[in-house]
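Enquirer: Structure provided below as structure tokens; questions to follow.
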Amino acid sequence: MSSTLRSIPLQRIDGTPTTLGEYAGQVLLIVNVASQCGLTPQYKGLEALFEQHKAQGLQVLGFPSNDFGAQEPGTEAEIASFCDLNYGVSFPLFSKLQVNSAPRHPLYAALIEAQPTAQPSGDDKLTTALTKYNMRPKAPTDVLWNFEKFLIGRDGQVLARFAPDVAPDHPALIAAIDAALAA
């Protein structure tokens with residue numbers, strides 16, 4: 001893992017300090033998540049991905065953020081309870097952080113710098129809706145919305161970035177994860 005990403009201070013959802021260094025040598029799928037979003041059902045698919053591939057070295061890491069339509073207003077305890085009760089989430093969740101708003105968390109600053117654009121889903125419904133409601137990000141490199149995904153290889157390099165509406169079972173995401181796990 002690149003030393004920059006590995007050393008960024010993070011906090012688990014229970015408040016325990018950590019870094020991505022804990023996951024060195026594994027493939028990471030980093031996702032900004034929210035409990036009150038139209039894309040929230042992706043938790044189910046993310047959990048399925050994690051369960052299916054964790055033995056091969058995949059870690060799905062959820063980072064709640066309230067930056068997108070205030071769709072993650074709860075406390076860490078409320079978020080953890082929601083994820084457990086509604087989706088049986090067992091992959092690691094972290095404390096809320098700022099993805100696009102100032103000050104942007106250093107993790108997201110590094111991820112965006114490494115991968116400035118996301119691979120689209122091929123469906124423009126989300127982009128069209130965000131444009132209609134004047135909720136597009138300020139900068140073209142900003143994270144578009146909840147559930148954007150960054151894939152990090154075993155060596156710590158940011159391999160890909162996927163738009164929020166790229167579902168966890170999307171063929172392009174699955175192919176990228178499989179390739180990263182095989183590397």
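The values are calculated or read from the model by the stated rules, or taken from the named source; none is laboratory data. Just so you know, these numbers come straight off a predicted model, no measurement behind them. Note: ideal-geometry Cβ built from the backbone for every residue, glycine included; neighbour counts use all protein chains shown.
Enquirer: Considering each residue of the range 133-183, count those that are β-branched (Val, Ile, Thr), touching a Pro at 6+ places or on another chain (Cβ under 8 Å) and either exposed (fewer than 14 other Cβ atoms within 10 Å of the Cβ) or within 21 Å of residue 5 (Cβ to Cβ) (or both), and give that number.
Expert: The qualifying residues number 2.
Enquirer: Right, here's the next one. Take the range 130-166 and flag every residue that is among the hydrophobic types (A, V, I, L, M, F, W, C), part of a loop (DSSP other than H, G, I, E, B) and either without any contact (Cβ under 8 Å) to a residue 12 or more places away in the chain or in contact with a helix residue (DSSP H, G or I) (Cβ under 6 Å, 6 or more places away or on another chain) (or both).
Expert: Across the range 130-166, the qualifying residues are 139, 147, 166.
Enquirer: What number goes with the only condition from (1) under 13 Å from the mean Cα position of the chain (by Cα); (2) closer than 19 Å to residue 176 by Cα; (3) polar (S, T, N, Q) that residue 65 does not pass?
Expert: (2) is the only condition that residue 65 fails.
Enquirer: When only residues in the range 104-124 that are polar (S, T, N, Q) and surrounded by 13 or more Cβ atoms within 10 Å (Cβ to Cβ) count, which is farthest from residue 43 (Cα to Cα)?
Expert: 115
Enquirer: Need at least 2 residues that are more than 20 Å from residue 162 (Cα to Cα) and of a type outside the set (D, E, K, R) per element, so show me which helices (runs of 4 or more DSSP H) inside the range 1-104 make the cut, counting only ones lying wholly within it.
Expert: Of the helices (runs of 4 or more DSSP H) lying wholly inside the range 1-104, those with at least 2 residues that are more than 20 Å from residue 162 (Cα to Cα) and of a type outside the set (D, E, K, R) span 3-7, 76-87.
Enquirer: Scan the range 55-104 for residues that are within 17 Å of residue 14 (Cβ to Cβ), among the aromatic types (Phe, Trp, Tyr) and without any contact (Cβ under 8 Å) to a residue 60 or more places away in the chain and jot them down.
Expert: Of everything in the range 55-104, those that are within 17 Å of residue 14 (Cβ to Cβ), among the aromatic types (Phe, Trp, Tyr) and without any contact (Cβ under 8 Å) to a residue 60 or more places away in the chain turn out to be 63, 82, 91.
Enquirer: Which of the residues spanning the range 85-124 are farther than 21 Å from residue 69 by Cβ and among the polar types (S, T, N, Q)?
Expert: Answer for the range 85-124, where residues must be farther than 21 Å from residue 69 by Cβ and among the polar types (S, T, N, Q): 90, 115, 117, 119.
This table checks each residue for (1) surrounded by 14 or more Cβ atoms within 10 Å (Cβ to Cβ); (2) modelled with pLDDT under 95.
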residue: 58; (1), (2): yes, no
residue: 80; (1), (2): yes, no
residue: 83; (1), (2): yes, no
residue: 89; (1), (2): yes, no
residue: 96; (1), (2): yes, no
residue: 102; (1), (2): no, yes
residue: 126; (1), (2): yes, yes
residue: 131; (1), (2): no, yes
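Enquirer: Now for a separate question. Restricting to the range 105-129, what's the tally of residues that are in a helix (DSSP H, G or I) and touching a residue at least 12 places away in the same chain (Cβ under 8 Å)?
Expert: Here the count works out to 10.
Enquirer: Take the residues of the range 104-124 that are modelled with pLDDT of 90 or more and charged (D, E, K, R): which is nearest to residue 75 (Cα to Cα)?
Expert: By that ranking, first place goes to 104.
Enquirer: Which residue is surrounded by the fewest Cβ atoms within 10 Å (Cβ to Cβ), if the candidates are limited to the range 1-37 and must be of a type in the set (D, E, K, R) and in contact (Cβ under 8 Å) with a residue 60 or more places away in the chain?
Expert: Here the residue is 14.
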